[in-house]
């Protein structure tokens, strides 16, 4: 029998990886559909708002990476126990996403000198501002990103924070042991570790 869920994204981790982590953690069988970049122009119009990731389930389709991950987190019991806990989780995730978006122009900039300037400004202005504050949040929450226990905020951090290392060429978390440990804790979960070991190398 075919999996009930189908997750469609490009051939890399990116914005879909948090959903892949969540489904692997929760034992949810899914079809991991990956689009080659050269195929995208012909396929784009078939998707809601011309974007991925999208999640399909029993004939229904949903877009927006965080909305998909939030839904999956509920399915695998990694969301909050009440509305206030969900607010805390969402606030932390939105803050991480704000930091991620500071790099948005880097992906589309063709001029290498301008790309280098974006990275330098990101390190000087953004990492130096956000990381100490996120580190304090993790300390307050006993090693977790929100509400003092494992939630999908930790999964989002584990899948997004490696981008900061990749783009800057440094260990962005070298001075932030709590944030690094939070990422490593998620990556060490048996189902997640198995996925990391077996997933396509891109």
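Computed from the coordinates by the stated procedures, all read-outs in this text should not be read as laboratory data. If you're wondering where the values come from, they're calculated on a predicted model, not measured in any experiment. All Cβ positions, glycine included, derive from the backbone under ideal geometry; neighbour counts span all protein chains shown.
Which whole-number percent of Cα pairs in segment 83-187 have a distance greater than 19 Å?
In whole percent, the long-distance tail amounts to 41.
The fewest-to-most ranking of 107, 195 by surrounding Cβ atoms within 10 Å reads 107, 195.
Dimensions of the chain from C-alpha coordinates, computed as largest minus smallest value along each principal axis and given longest first, are 48, 45, 32 Å. Based on C-alpha pairs under 8 angstrom that are at least 6 apart in sequence, the chain has a relative contact order of 22 percent.
Fully extending the segment from residue 174 to residue 81, taken as 0.36 nm per residue of separation minus the present Cα-Cα distance, adds 30.2 nm. Extension gain for residue 97-residue 34 works out to 20.4 nm (0.36 nm per residue, less the C-alpha to C-alpha distance). Spin-label pair residue 111-residue 187: with each label point 7 Å from Cα along the Cα-Cβ axis, the two points sit 3.5 nm from one another. Summarising the strand pairing of the chain, around 55 percent of its internal DSSP beta bridges are antiparallel. From Cα pairs below 8 angstrom and at least 6 apart in sequence, can you work out the relative contact order of segment 83-187, rounded to a whole percent? Dividing the mean separation by the residue count of segment 83-187 yields 29 percent.
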